[in-house]
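Scroll down for the structure; my scribbles are underneath it.
The values are calculated or read from the model by the stated rules, or taken from the named source; none is laboratory data. It should be emphasised that the depicted structure is a prediction, and the values quoted were computed from it without experimental measurement. Backbone-built Cβ (ideal geometry, glycine too); neighbour counts: all protein chains shown.
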Amino acid sequence: MTTASAPLTPKDLKSDQEVRWCPGCGDYSILAQTQKVLADIGIDRANTVFVSGIGCSSRFPYYMNTYGFHSIHGRAPAIATGVKCANPQLDVWVVTGDGDGLSIGAGQLLHAIRRNISLKILLFNNRIYGLTKGQYSPTSEQGKRTASTPLGSIDPPVNPLSFALGVGATFVGRAIDVDIKSLQLVLKRAAAHRGTAFVEIYQDCNVYNHKAFEFATDRNTKEDHIVYLEHGKPLIFGKDRKKGVRLNGFTPEVVDLAGTPADDLLIHDESAHSPALAFLLAQMKFPSMPEPMGVLRCVESTTYEHMLEDQMATARRQSGAGDLDKLFSQGDTWEVE
Amino acid sequence: MTTIATNPIEKRTENRSSATIRFAGDSGDGMQLAGSQFTNTSALFGNDVSTLPEFPAEIRAPAGTLAGVSGFQINFSSEDIFTPGDRVDALIAMNPAALKTNLRDLVEGGILIVNSDEFNIANLAKAKYPTNPLETDELSRYQVYAVPIATHTVEAVKDLGLSAKEAERCKNIYSLGLVYWLYDRPLEATINWIKSKFAKNDQIAQANIRALQAGFHFGETAEIFPVRFRIERAKLPTGKYRNITGNQATAMGLITASRLCGKPIVYASYPITPASDILHQLSHYKHFDVKTIQAEDEIAAVCMAIGASFTGAIGVTASAGPGIALKQEAVGLGVMTELPLIIIDVQRAGPSTGMPTKPEQTDLWQAMLGRNGECPVAVVAAASPSDCFQTAIDAVRIAVQYMTPVFVLSDGFTGNSAEPWRIPKAADFAPFPVIHPADPTVFQPYARDERGVRPWAIPGTPGLEHRIGGIEKADITGNISYDPENHQHMVNLRAAKIDNIAREIPPQDVYGDASGDVLLVSWGGTFGAVRTACDTARKRGQRVSHMHMRWLNPFPSNVGDVLKRFKHVVICELNMGQLQLLIRGRFLINAHGLHKVQGRPFMVSEVLAKVDEVSRG
């Protein structure tokens, strides 16, 4: 495929299409970081497919110089499943949003994740419907006043990470559009994962829901509102890294490092067999708790495509390559002379 | 073969050219099994056969109720036949409910065998019989044989150590044995089947064989049956035969097509009556490079198929009416992205959930028109169970050669019923290899060849990286375009591409004379009834011909000419006039319609009555 020519650069991953997101949209940064990470990894463009549904985020494939499929609302995980099953050698990415993935397409997302088929699913969460001009989304906070909810929305929001963990995700990560370093890291880890990798990306819709994630992006305060997860390390955060997270029964709580023995702090274990810790982390919400960034869970499990190929190989081994004439003559036959 | 001479009493054997029988009983009585064994035996004997299995949507409605009745009708003949028969010559009713729901289809003077053991007060009440019909004269127009089938069955197997329940379960096989005697059928095929089916349980195998023989011997020795019937072998074209259902034939057709074009199949579907059997069949054929996925829903199923098609496999999905409705947005995506895609619709009675186990042809409009936008697809329909095989091959060929979704219309009757199939040789089919583009210097995703078809470039091909999607695209490049003239142009191109398929399909043929008084038009599973009606009318001297349409979109190019050559055109469909509207709209003729939506196929007599009606003017 790609020969030992010049190494891949982010520019090689830019398609010839003009990017049409609103100026200032968080999607620009996600696109740039994705191109950077995939160039660094040295992907084979010909073997890479980006699949999306409908929504602002779903225009993503048009801007990647790989194979791409901009499909219909909510169904990208199913289209991508078809792609991966037809050719398991391909690297298949799904780009979706909070509406596409968790509203109209929640069913498809659920089943892709529980199958553990090797798709890298990036869910851009801006907590609003942007392309339809500003209605509340399934991740909008309750009480949100929007074009369709002048008195405030009454729907409680869904937590994307809890959803993914609840249906058995083997890889769950979270990052922020403008937090370039941690976004790159999570994307790199997702790219390397075998099985479904689910990544929630906090993304600013500067037109309809600007600063929805300001708590996590404001230079002056963000350190106090998010905690970067590191496997095997205690959960420590804050501007001066003086705060930590401790478990009190089943409830995490913020403690001052000064008065807390180091052993008391919660140690992150992304590879724990049980998803309980990851679920507990996913439930940590601003303002009472720092919100976790990085890799919440990363465990190995047999992939759907592997089991599918295995059954195909077993059938071939047991029955040989199919013989049409034998197939036609199965069961009782008789001759008319 | 038994001979009259060995019988203890004098019994006549009468020759008949054909007979239609029906086994009817409770869902748990094994009527489908008895029916399919009778079918196999008759086919192996050399008759032509046509079957109509009828079962309720409920898996096991309460025993003995009218809702729980399951039936299996077989028409077997010494001549070429196309239908399971209008009325039945012999009815086997295993309980009062089966009698009640099936009696109206028994011909006057017909043979009625009832399992008298079940005609007790409780079962009569469940069947809403105020009095026992066996004790009144309400069955006087039939030859009634009240046989204590359960008692006889239990008696026949009593020393085998079976539980009472196990022993009684053999009663379907007993009744099968009795009907074998009545129609002079050999027992060997069923005995062999029992031995292999119950290979691991000799006790049950022996019990069923005993029950079969007991039923046969009862017919031979009891003094109640004065006559038995013989239906000689049919003069079918020479060759090797087997029985095949429509859904089996569809599965095999897909596999064959996959071989012929050299592309693997990815079949994704969601279980639905009456299409699930295709999934069951294909899931056994992984060694033919068929991947089957049971999707989480109908929409996911069609989307998986589209994803697979984009990747260079033949994406196939199947469903019935309600499931097809769910898939339609994605079918539109298939049209827009111009990918090969097969959508099989095994039609059932609608609207909404309708009557899931009953056939109808009410999805023609849905297949033709049921999407947003100007969204033409190719539509082809199977005429009979065995025809599903060639139909599936034709659909795949058109899909890959024209880069288009193709609807395959079957129905619950065609999909589930069986008929003899002359087994073809794989080598007899012409391959239609697919060539994917590989040269980046000339590649454009939406450039077209002289037929208007875009290239099928697949992921994994270096240099051909491109993006497709549901948004309107610029001609040639495939880039997003909202340009008004371009949209008009693209709509025209997509329509022209489908029209061009008419070049690939054979001209419409007409059975009978090329002109005349009445042209009967049919499509799909009504072929058999209409062809039989046409034959009958012609024998009566009526100037009737038959045009059976395989391709419904596009129409073969000469359809308009054919229609003009007849005084009257009658379009026969199991709907309220869907093809009729399309033909009237397209050819501006006053086509008559014969319509029926009762969840049952046409009877030949209904078609003949319509012929008479329009002939009278």
Q) Among the residues of region B:268-294, how many are within 11 Å of chain A (Cβ to nearest Cβ) and farther than 24 Å from residue B:353 by Cβ? A) 12
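So is residue B:360 surrounded by fewer than 17 Cβ atoms within 10 Å (Cβ to Cβ) and assigned to a loop (DSSP other than H, G, I, E, B) or not?
no
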(Q) Going by what's in this entry, would residue B:122 be described as more than 33 Å from the chain's Cα centre (by Cα), in contact (Cβ under 8 Å) with a residue 12 or more places away in the chain and surrounded by fewer than 17 Cβ atoms within 10 Å (Cβ to Cβ)? (A) yes
Q: Restrict the check to region A:291-309 and report whether at least one residue is surrounded by fewer than 19 Cβ atoms within 10 Å (Cβ to Cβ), within 10 Å of another protein chain (Cβ to nearest Cβ) and out of contact with any helix residue (DSSP H, G or I) (no Cβ under 6 Å at 6 or more places or on another chain).
A: yes
Q) Of the residues B:153, B:190, which is modelled with pLDDT of 95 or more and either surrounded by fewer than 16 Cβ atoms within 10 Å (Cβ to Cβ) or out of contact with any Phe, Trp or Tyr (no Cβ under 7 Å at 6 or more places or on another chain) (or both)? A) B:190
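Residue-by-condition table, conditions (1) in contact with a Cys (Cβ under 9 Å, 6 or more places away or on another chain); (2) in the same structural domain as residue B:422 (by TED's automatic domain parsing); (3) on the phi > 0 side of the Ramachandran plot:
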site: B:196; (1), (2), (3): no, no, no
site: B:208; (1), (2), (3): yes, no, no
site: B:211; (1), (2), (3): yes, no, no
site: B:218; (1), (2), (3): no, no, no
site: B:268; (1), (2), (3): yes, yes, no
Q: With the condition kept exactly as written, say whether any residue in region B:138-149 is without any contact (Cβ under 8 Å) to a residue 60 or more places away in the chain, among the basic types (Lys, Arg) and more than 25 Å from residue B:228 (Cβ to Cβ).
A: no
Q: Confirm whether residue B:47 is in contact (Cβ under 8 Å) with a residue 60 or more places away in the chain and either out of contact with any Ser or Thr (no Cβ under 7 Å at 6 or more places or on another chain) or under 18 Å from residue B:171 (Cα atoms) (or both).
A: no
**Q.** Leading residue by the ranking (surrounded by the most Cβ atoms within 10 Å (Cβ to Cβ)) among those in region B:443-462 that are touching a Pro at 6+ places or on another chain (Cβ under 9 Å) and within 7 Å of chain A (Cβ to nearest Cβ)
**A.** B:461
Q: Looking for whichever is more than 23 Å from residue A:159 (Cβ to Cβ), touching a residue at least 12 places away in the same chain (Cβ under 8 Å) and either part of a strand (DSSP E or B) or away from every other protein chain (no Cβ under 13 Å) (or both) here; the options are A:46, A:32. Which one fits?
A: A:32
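Table: residues versus (1) in contact with a Ser or Thr (Cβ under 6 Å, 6 or more places away or on another chain); (2) part of a loop (DSSP other than H, G, I, E, B).
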{"site": "B:113", "(1), (2)": "no, no"}
{"site": "B:117", "(1), (2)": "yes, no"}
{"site": "B:123", "(1), (2)": "no, no"}
{"site": "B:128", "(1), (2)": "no, yes"}
{"site": "B:131", "(1), (2)": "no, yes"}
{"site": "B:141", "(1), (2)": "no, yes"}
**Q.** Filter result for residue A:299 (in contact with a Gly (Cβ under 7 Å, 6 or more places away or on another chain) and either without any contact (Cβ under 8 Å) to a residue 40 or more places away in the chain or within 30 Å of residue A:84 (Cβ to Cβ) (or both))
**A.** no
Q) Taking region A:128-140 as the search range and keeping residues that are touching a strand residue (DSSP E or B) at 6+ places or on another chain (Cβ under 7 Å), within 23 Å of residue A:61 (Cβ to Cβ) and not hydrophobic (A, V, I, L, M, F, W, C), which one is modelled with the lowest pLDDT? A) A:130
Q: Mind listing whichever residues of region B:296-328 are touching a strand residue (DSSP E or B) at 6+ places or on another chain (Cβ under 7 Å), assigned to a loop (DSSP other than H, G, I, E, B) and either more than 7 Å from every other protein chain (Cβ to nearest Cβ) or hydroxyl-bearing (Ser, Thr, Tyr) (or both)?
A: B:320
Q. Among the candidates B:312, B:373, B:354, which residue alone is closer than 28 Å to residue A:316 by Cα and not assigned by TED's automatic domain parsing to the domain that holds residue B:56?
A. B:312
Q.
Among the residues that make up region B:496-508, is at least one of them of a type in the set (Gly, Ala, Ser), more than 14 Å from chain A (Cβ to nearest Cβ), within 30 Å of the chain's Cα centre (by Cα) and surrounded by 19 or more Cβ atoms within 10 Å (Cβ to Cβ)?
A. no
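Suppose we filter B:205, B:249, B:214 for residues that are in contact with a Phe, Trp or Tyr (Cβ under 7 Å, 6 or more places away or on another chain) and without any contact (Cβ under 8 Å) to a residue 24 or more places away in the chain; which single one remains? If you could, list the steps in order and put the result at the bottom.
Numbers: B:249 fails: without any contact (Cβ under 8 Å) to a residue 24 or more places away in the chain; B:214 fails: without any contact (Cβ under 8 Å) to a residue 24 or more places away in the chain.
After ruling out the rest, the residue left standing is B:205.
Given the criterion at pLDDT 95 or above, among the hydrophobic types (A, V, I, L, M, F, W, C), within 17 Å of the chain's Cα centre (by Cα) and closer than 17 Å to residue B:82 by Cβ, identify the matching residue among B:382, B:418. Step through it out loud before you land on a result.
Working: B:418 fails: at pLDDT 95 or above.
Sole residue among the options that is at pLDDT 95 or above, among the hydrophobic types (A, V, I, L, M, F, W, C), within 17 Å of the chain's Cα centre (by Cα) and closer than 17 Å to residue B:82 by Cβ: B:382.
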Q. Within region A:86-105, can you find the residues that are surrounded by fewer than 24 Cβ atoms within 10 Å (Cβ to Cβ) and within 11 Å of chain B (Cβ to nearest Cβ)?
A. A:87, A:88, A:89, A:90, A:91, A:104
Q | So residue B:247, is it touching a His at 6+ places or on another chain (Cβ under 9 Å), buried (at least 23 other Cβ atoms within 10 Å of the Cβ) and under 25 Å from residue B:386 (Cα atoms) | A | yes
Q.
Among the listed residues B:193, B:181, identify the single one that is assigned to a helix (DSSP H, G or I) and over 20 Å from residue B:24 (Cα atoms).
A. B:193
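Quick one: how many residues across region B:394-434 are part of a helix (DSSP H, G or I), in contact (Cβ under 8 Å) with a residue 12 or more places away in the chain and either assigned by TED's automatic domain parsing to the domain that holds residue B:498 or surrounded by fewer than 16 Cβ atoms within 10 Å (Cβ to Cβ) (or both)? Step through it out loud before you land on a result.
The initial filter retains those residues of region B:394-434 that are part of a helix (DSSP H, G or I), namely B:394-402, B:412-416, B:426-428.
The next check asks that each one be in contact (Cβ under 8 Å) with a residue 12 or more places away in the chain; those that pass are B:394-402, B:412-416, B:426.
If we keep only those that are either assigned by TED's automatic domain parsing to the domain that holds residue B:498 or surrounded by fewer than 16 Cβ atoms within 10 Å (Cβ to Cβ) (or both) too, we end up with B:426.
Going through region B:394-434 one residue at a time, the tally reaches 1.
I need a count of the residues in region A:5-29 that are in a loop (DSSP other than H, G, I, E, B) and within 14 Å of another protein chain (Cβ to nearest Cβ). If you could, list the steps in order and put the result at the bottom.
At the first step, the residues of region A:5-29 found to be in a loop (DSSP other than H, G, I, E, B) are A:5-9, A:15-26.
Narrowing further to those that are within 14 Å of another protein chain (Cβ to nearest Cβ): A:5, A:8, A:15-21.
Looking only at that region, the number is 9.
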Q: Give region B:496-515 a look and list any residue that's acidic (Asp, Glu) and out of contact with any strand residue (DSSP E or B) (no Cβ under 7 Å at 6 or more places or on another chain), or say none.
A: B:499, B:504, B:509
Q: Could you look through region B:463-475, keep only residues that are out of contact with any Lys or Arg (no Cβ under 8 Å at 6 or more places or on another chain) and not small (Gly, Ala, Ser), and pick out the one that is nearest to the other protein chains (Cβ to nearest Cβ)?
A: B:467
